[in-house]
Each structure stands twice: as structure tokens, then as C-alpha cells.
Amino acid sequence: MKGLFWLIRKDLMIFFADRQGALMTVLVPVVLASLLGMLFAPRSSSTVLKLLVVVQEATPPVRDFVAAISAAETFDVEEVDEATARARVGAGKASLALILPVGTTEALQPAAMFQGKQRHAELLYDPSDDIEATMAAGLLTQVLMQETMGSLSDRDTMSEMFGDLESDLGPDADAQLKSFLAAGRTLSESATATKTLNTGAEQGGMQPPVAFDRVAATVTGVASQYNSYAHNFAGMLLMFLLFAGQTRAKHLVAERQAGTLVRLRLSPASDRTILLGAALSTTAVALMASAVVYAVGILVFRIEISGSVPGFVGVLLCQALFVGGFGLLLAGLGQTEEQIGSIGTFVVLILSFAGGAMFPSFMMPEWLRAGSQLLPTYWATHGLAAMTWRGMGFSEALLPMLVLLSSALVCAAVGIRRFRFRS
Amino acid sequence: MVFGEVCAVDGLSLEIEQGSLTGLLGPNGAGKTTTLSCVAGLIEPTEGEVRVGDIDVAREPLRVQRLLGVVPQSLALYPTLTVEANLRVFGGLFGLAGRLLSERVDWGLTLAQLEARKTSLVGNLSGGMKRRLNLACALLHDPKIVICDEPTTGVDPQSRNHLFDTIRRLHREGRTVIYTTHYMEEVEALCDRVAIMDHGKLLAEDSLEGLLRGTEQQTTFQLKVQRGRTVEEVLEILRAAGIEDAELKSSSGSLEQVFLRLTGRALRDGDASNDICEGAQS
């Protein structure tokens with residue numbers, strides 16, 4: 001029994017001797033649980049959807065409708081022209097855009113609810129985010145109905161509406177319907193008519209005057225090219241490349257402990273060259289892994305590089321360079337393999353999660369979505385999405401490449417500065 | 001040379017002659033490895049300078065490293081690579097390429113007597129085999145100066161003997177050899193000059209004979225006699241030759257000599273699989 005006590009005590013002493021490792025043991029699950037909880041928590045009523053609105057018929061009713069959408073707590077509205085809306089949603093820079101076409105004014109008249117003729121308004125959405133589009137369509141219909149129904153409380157409007165409906169009826173219209181409309185007009189002229197509205201319409205009853213048709217927007221306009229595997233392959237590849245960077249960092253520290261690093265230093269290669277070699281070997285591994293993963297994705301899962309092929313290769317290359325720099329950074333931050341294991345796992349999971357490699361960014365809270373743009377992982381997944389299913393040109397790959405390259409240089413510089421060649 | 005509050009090497013002034021085989025002797029922690037690290041340009045001295053020929057090591061460490069072949073104390077090898085791959089990597093790092101690299105790799109395999117094991121993973125070699133390979137990797141670029149930092153740690157007598165033969169050969173070929181150890185018998189067996197260090201200071205530096213002359217009041221000879229002679233008979237002969245103060249002791253030699261005589265001097269590479277630490281860096 002005493003022996004068992006000392007065995008346990010010995011292990012606990014070893015565990016707490018590595019304070020960093022001990023801290024990470026509790027910190028990693030707490031942080032990850034918080035982030036995942038945030039992700040899967042029910043959306044609160046204060047969730048705001050960014051909505052671009054294109055007004056093609058700037059009449060007072062349409063303006064009133066847009067104002068009503070803006071007034072709703074669920075939408076953050078920005079009015080733009082159609083080209084801008086299509087470009088921004090297609091590029092993934094906005095997730096929703098509503099195009100109110102010519103004819104919307106007529107559709108917003110209360111009578112339109114009973115005329116059985118729906119107007120169609122395009123609701124452009126990012127194909128990777130169809131949940132948000134479905135939600136937006138429902139909320140827009142709600143705003144539309146509230147706005148249209150609200151006008152029915154006005155006696156003159158109601159009277160005019162019943163008059164219009166009566167005049168629309170042909171000579172062979174149903175006598176009962178004629179009688180109903182006449183009664184409705186009489187009633188609206190003498191009192192508030194809102195209570196009578198659910199009793200029928202010319203063809204099958206009341207319906208929303210505008211249908212919000214969800215249209216997946218891409219730069220090329222080919223919605224079918226969206227492939228959910230494209231996102232998952234990019235994300236998982238990135239996450240496991242970062243883990244490969246962590247493994248390389250461990251090897252570098254192991255080389256220091258084994259003595260091979262001393263032998264490398266005894267060669268004419270400078271210390272910087274040795275570390276640069278380590279980073280570039282990680283880059284080479286990352287490139288090979290990327291080639292294999294995307295080969296499988298393209299051949300088996302029909303991922304298409306609809307955008308610029310040089311851009312796609314460029315993003316993958318810069319991503320691989322970033323992974324090389326990241327490995328060097330970890331080697332500089334951790335003094336032992338255990339430290340690199342704990343720090344690295346934590347950082348990789350956070351970078352992958354917040355950068356959109358694990359889950360699509362639309363699932364994240366707005367503040368995290370905005371903050372994630374500071375991370376190189378965001379630009380890696382964004383760049384690969386742009387070059388694959390978004391079908392964008394080389395120019396759209398430049399910013400992700402620049403961010404990844406800069407991050408690689410910063411990580412490598414810090415790693416080289418902090419790395420200790422002696423234990 | 002100061003590390004924090006520890007002064008590892010203190011006011012050392014040592015000149016090593018070109019073509020000599022100098023033993024740097026001292027107990028653990030004497031400052032031998034730190035001294036050699038300064039010579040190899042791995043550490044910059046906090047004070048003073050180290051020169052190799054006319055080259056200032058601190059200013060031109062890379063130029064010096066081309067002249068040096070350093071055999072580190074640890075087994076600085078990649079256990080998951082083959083013997084040949086290790087030689088190729090370290091040869092390539094010193095700028096060897098193409099046919100020259102292949103020739104030097106073959107030379108290294110012969111030197112380490114590992115031709116038959118060239119495709120074996122280093123992790124599967126015995127301790128002695130790894131030590132020999134460790135030496136060969138340091139010599140691929142044909143250095144003018146060879147620094148051996150306790151190269152016999154953990155090796156069997158056969159491999160040690162092989163290492164000694166190799167070091168003697170390197171010396172005969174005109175290379176300058178610096179050999180650090182804390183085993184007196186290794187220095188006696190190999191070196192023509194000896195420097196003794198302790199607590200970071202140089203205590204003595206001379207030829208082996210010079211050092212022994214200063215400390216010994218008597219000379220010990222080894223006398224080999226044919227079987228059948230008794231101690232009394234040998235003493236009788238010595239006295240008859242005028243050597244009155246001779247003292248004769250019977251000795252069966254060191255344990256290592258006995259071991260080598262019984263087991264032979266041939267290398268035992270085939271026994272690696274019996275090693276309890278097979279695969280480990282011993």
C-alpha cells in the first residue's frame with residue numbers, strides 16, 4: 001500500500017513539475033468547451049443578419065418596406081446596387097442580399113395578397129450558408145406580412161382594396177364571392193375591416209404577395225459548383241498540416257536532446273540555415289500532403305477548382321510555408337517535447353476553430369467571425385474556397401497569399417529568435 | 001567561459017601543435033567539453049579568443065568547421081535512418097556530392113566496419129557499432145583536425161580497440177587529434193601530449209614522458225618471460241646483470257587484457273540482436 005502511495009505521488013510530482021503542461025491539461029478543455037458551446041447554443045433573439053438590399057423601384061411603398069426591414073432587430077441592412085450585391089455575396093464577403101425588382105410596389109399593395117399572383121424577389125445567399133438564407137427568407141416574409149397587413153387597418157385602403165377586387169371580377173364570377181366583397185367594402189367603409197380578412201380570396205385564399213426566392217450566389221453564377229467537401233477538405237487539411245508543424249517542432253527539440261543538432265551545427269551550415277531547413281522540410285511535407293489530399297478530393301469527391309489554378313496552387317504553397325513557420329514558432333516557444341505537445345495542441349485547435357477550418361464561419365457568433373479575419377487560418381480557408389467552389393480569379397488569391405506569407409515570416413522570425421540550441 | 005554564475009573555463013591558455021595527438025584529461029565537469037565547444041565555434045567565449053591556425057573562430061566559425069571533424073560525446077545519429085543514409089546526410093552537409101560523396105560514404109562504411117550493415121537502421125545497431133559510425137560521420141569531409149569528445153563511452157573492448165586503432169591511423173596520416181577523456185589509460189595508450197584540466201583551469205600540459213618524469217621517482221618496465229621461469233630465477237638474472245634494486249611482482253595484466261586475450265580482438269557486430277537495449281541510443 002505504501003508502495004502504491006509513493007508510485008502515485010511520484011507521478012503527480014512529475015505531472016506538476018511541468019507547470020505549463022499541467023495548466024494546459026485544464027485550459028484546453030475549458031477553452032474548447034466554451035467555443036463549442038458558443039457554436040451550438042441556440043441563436044439568441046439579438047442575432048443580427050447582415051442583409052444587402054437592392055432597390056430597383058424606389059417608390060414610397062418599397063422605401064417603407066425597406067425601412068421596415070431595417071427597423072426589424074434581426075436585420076442589419078445596407079443598400080447597394082445589384083452588381084455590388086452579386087459580387088459581394090458571390091465572393092463570400094456578404095452572406096445575404098435581397099433584390100427588390102421592378103413591380104415590387106404593386107406587390108406591396110394589400111390587394112396583392114388576394115390576387116394569387118406572387119412577385120418574386122431574389123434572395124442571394126452564400127451557398128456555404130444556406131441555413132442563414134432559410135432563416136432570412138422566413139423573417140423577411142414575416143416583415144412583409146406585418147407591413148402589408150398593417151396597411152389593412154386603414155379604412156380608405158381597405159375600401160379601395162375591396163373596390164379593386166370587385167372590379168377585377170368577371171361577369172361569371174361566383175355570386176357568393178361578389179356578395180362577400182360588397183359586404184367587405186361596406187364594412188370597411190363603416191368600420192375597421194381587419195377581422196374579416198381570413199375568409200377567402202379569389203383563388204385559394206390569402207398568400208404573401210412576394211416570394212423570396214433563395215438563389216445561391218457565386219461569382220460565375222453557377223450555383224451547382226458548390227461542394228461541401230471543398231470546405232471540409234480545405235479545413236481538415238489545414239488543421240492536420242498544423243499538427244504536422246507541431247510534430248516537426250517536437251523533432252527539432254528531440255534532435256537537440258539527442259545530440260544530432262550539435263552535429264548539424266558542426267557542419268558549415270549556420271544556425272539560421274539549420275532552422276530554415278527544418279521549416280522548409282515541413283513546408284515540403286505540407287505540400288506533398290496537400291497534393292495527395294486534393295487529388296483524392298478532386299477524383300473521388302468531385303471538388304472542382306473553378307477559379308484560378310495558379311491562385312489555388314499559390315494559396316496551397318503559402319499555406320505550406322505558413323505551416324513551416326508555425327512549426328519553427330512552436331519549437332521556439334516550447335523547451336521540451338511535452339511543452340510543444342501541450343502548447344501546440346491548444347494553438348492548433350484554436351486556430352482551426354476560429355479560422356473556420358473545423359466549422360463553417362456562419363456558425364460562429366458575429367464577433368468571432370470578425371475577429372477570425374486576424375488569423376492566417378481564416379485566410380487559408382477563405383483563399384481555398386475562393387479558388388475552388390467560389391470560382392474566383394487570381395486577384396482574389398493575392399490577399400490570402402500575402403497574409404499567409406507574412407504570417408510565415410513572422411512565425412519563423414520569432415521561432416529563430418527564441419530557439420535555444422542548447423538544452 | 002561563464003554560464004550564469006558558473007565559470008566553466010577560467011583563464012585557459014593552451015596551444016596545440018599541428019600534427020600532435022593531444023589528450024585533454026580531466027574529471028567530469030572539468031571544462032573539457034566547453035573548451036572543445038569553443039574551439040568548434042559552438043559557443044562564443046565570454047572573454048579571450050580561440051584561433052585555429054590563423055583563423056579567429058569567433059569571426060569565421062564556418063571556415064573553421066570545414067577544418068574540424070568533431071566526434072561528439074553523444075551518439076549524434078538518426079536512429080530511424082539507415083547507416084548509409086546517416087553517412088550520406090552528414091557528408092552532404094559538408095558539401096560532398098555525386099561520386100565523391102559515394103566514395104566517402106564507402107570509405108566511412110569501411111572505417112566503421114559496417115559494410116554488411118549499411119542498410120540497417122541505426123536504431124538497431126549495437127552500442128559499439130553506433131560509436132564507430134559516430135566517428136565515421138565526423139570524418140567524411142577529410143578534416144585536418146579531429147576532436148574526439150569521450151568517444152569510447154559505453155563501448156565494448158573490441159570496439160574501443162577499433163576506435164583506438166582508427167585514431168592512431170588518423171594521427172599517422174598527419175592529422176591533429178585532440179582527445180578528451182577522464183580515463184588515464186586511454187590517454188596513456190594514445191597521446192603524445194597531455195593537458196590536464198580541472199575546475200575550468202589548465203593544471204599541466206606536457207608530453208606524456210615529461211608529465212611522468214615530473215611525478216614518478218621510479219621507472220616500471222614490463223618483462224616478458226618464457227613459461228617455466230620462476231620469479232627467483234628472473235631476479236637472479238637481473239642481479240647478475242648488476243640491477244640490485246629490482247623488485248619483481250607477478251601480474252596477470254589488466255582485466256581488459258584478459259578479456260581481449262580470451263575473447264579475441266575481432267569485432268562482434270553479429271551479436272547486436274542480443275543487446276537488451278536494442279534500438280535505444282546507448
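Between segment B:143-207 and segment A:79-110, the alpha-carbon centres lie 84 Å apart.
Would you grab the residues whose amide H sits under 5 Å from the one on B:Val70? Only those 5+ places off in sequence or on another chain, please, with H modelled 1.01 Å from N. Residues meeting the criterion, in which the H sits 1.01 Å from N, are B:Ile147. Taking the fewest neighbouring Cβ atoms within 10 Å as the starting point, the ordered list for A:Met239, A:Met135 is A:Met135, A:Met239.
Taking other C-beta atoms within 10 angstrom as a stand-in for reagent exposure, A:Ser270, B:Ser13, A:Ser342, B:Ser20 fall in the order B:Ser13, A:Ser270, B:Ser20, A:Ser342, fewest first. The mean number of Cβ atoms from other chains found within 10 Å of a Cβ in peptide A:266-275 is 5, as a whole number.
Phi angles of segment A:66-71 translate, via the Karplus equation with coefficients 6.51, -1.76, 1.60 and θ = phi - 60°, into HN-Hα couplings of 4, 4, 5, 5, 4, 6 Hz per residue; Gly and Pro are given as x. Among A:Trp6, A:Trp379, a tally of other beta-carbon atoms within 10 Å of each Cβ gives an order, fewest to most, of A:Trp6, A:Trp379. Listed values for segment B:78-88 are Karplus-derived 3J(HN,Hα) couplings in whole Hz (6.51 cos²θ - 1.76 cosθ + 1.60, θ = phi - 60°), namely 9, x, 8, 9, 6, 4, 5, 5, 4, 5, 5, and x replaces Gly and Pro. When we measure straight from the Cα of A:Lys117, which aspartates and glutamates land under 17 angstrom away, once same-chain ones fewer than 8 places off are left out? Partners within reach: A:Glu106, A:Asp164, A:Glu166, A:Asp168, A:Glu202, A:Asp213. Once backbone amide H atoms are built at 1.01 Å from N, B:Met197 has B:Leu25, B:Gly26, B:Leu203 as its partners under 5 Å, excluding neighbours fewer than 5 places away on the same chain. In percent, rounded to a whole number, the relative contact order of segment A:227-418 is 35, using alpha-carbon pairs under 8 Å and six or more apart. 3J(HN,Hα) along segment B:97-104, derived from phi through the Karplus expression 6.51 cos²θ - 1.76 cosθ + 1.60 where θ = phi - 60°, amounts to 8, x, 5, 4, 4, 4, 5, 5 Hz, with x in place of Gly and Pro. In this rough spin-label picture, where each label sits 7 Å from Cα along the Cβ direction, the A:Val48-A:Asp213 distance is 3.1 nm. Cross-link pairs exceeding 30 Å in C-alpha to C-alpha distance, out of B:Lys144/B:Lys224; A:Lys250/B:Lys130; A:Lys250/B:Lys201, comprise B:Lys144/B:Lys224; A:Lys250/B:Lys201.
A short reminder: the numbers here are calculations on the coordinates, not readings from a lab. Here the structure is a predicted model, which means the values were calculated and not measured. No Cβ is skipped: glycine too gets one built from the backbone with ideal geometry, and neighbour counts run over all protein chains shown.
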